[in-house]
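Step one of this worksheet: look at the structure below.
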Amino acid sequence: MDTIKLIEHMLAKPYLFTGGEDLTALKYFQFGYDFCLASNMILNDSPEKYSLLPADWRLFTEFIRCSLTYDEPKADWYDILMTYFGNKEGYRMFVNYFDNFRRLEIRSYKRAILSDEQQQAFVKITGLDKYPTVFYAVELADGAGWLSAYETDSVIYQRRHFFKDESALLEDARSLFGSELNWFSVTGVSELNFKKPVRLELNKISK
């Protein structure tokens, strides 16, 4: 069972798992579950993805951070919700944010073919040995924010970021590739599927 499914079970029976509306209990039950998986070298059973949505659980903190404009870089979703709302109200807000996170939809997207110079700049700037060929900027419905990804020969790598607006995403793209990108926009769509598997970056790229 992956983390998303675990939390869905927990929210369906809060008194069984957390004794009621208790954000701290929810956090530590989830943490303990992940710790047991790691200790026993059990991999989550999430299937291979070929789309940016549904969003990976590891983006949930970024989703909360974007929604509440929280600047502490080392804070996770629990720290942010406790700071803003406290334990009981934080639990209720968690339920609300988690529901919205699971229901994210695409409003539109645009893509940019990367030049040889931009590919080489990416390797130099990031220190990675990946040469991306295409970059995607995805606008989510209902003002939920933006997601991005870059395509390599065999994999789509999703950025470990939620962006509050388009300007923040474009600035991130410029910082990755050293110059402005030439975009081709697609509107009137509700999904973006790929023939290659989608993987989340292992860590945020330091630039």
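Shape summary of the chain, radius of gyration then Dmax from alpha carbon positions: 18.2, 57 Å. Helical content alone sets the calculated 222 nm signal of the chain at -13000 deg cm²/dmol, taking -39,500 (n - 2.57) per DSSP H segment of four or more residues and averaging over every residue. Solvent-free Debye calculation, one equal scatterer per alpha-carbon of segment 45-145: log10 I(q)/I(0) at 0.11, 0.12, 0.19 Å⁻¹ equals -0.49, -0.57, -1.06. The orientation-averaged shadow of the Cα convex hull for segment 1-40, equal to a quarter of the hull surface, comes to 2.6 nm². Applying both filters, DSSP loop and at most 16 other Cβ atoms within 10 Å, to the GluC sites (Glu not before Pro) of segment 6-108 gives 48, 105. Applying Stokes-Einstein at 20 °C and 1.002 mPa s to the Kirkwood radius of segment 56-103, computed over alpha-carbon pairs, gives a translational diffusion coefficient of 201 µm² s⁻¹. As a calculated quantity, the FRET efficiency between residue 85 and residue 11 at R0 = 22 Å, using C-beta atoms, amounts to about 0.85. Looking at the chain, the accessible area is 55 square angstrom per residue; that uses a 1.4 Å probe and ignores ligands, DNA and RNA.
The values are calculated or read from the model by the stated rules, or taken from the named source; none is laboratory data. Because the structure is a prediction, the values reported are computed rather than measured. As a convention, Cβ positions derive from the backbone with ideal geometry for all residues, glycine included, and neighbour counts pool all protein chains shown. Keep in mind that these areas ignore ligands, DNA and RNA; they rest on the heavy atoms of the full protein, side chains included. Shrake-Rupley method; radii C 1.70, N 1.55, O 1.52, S 1.80 Å.
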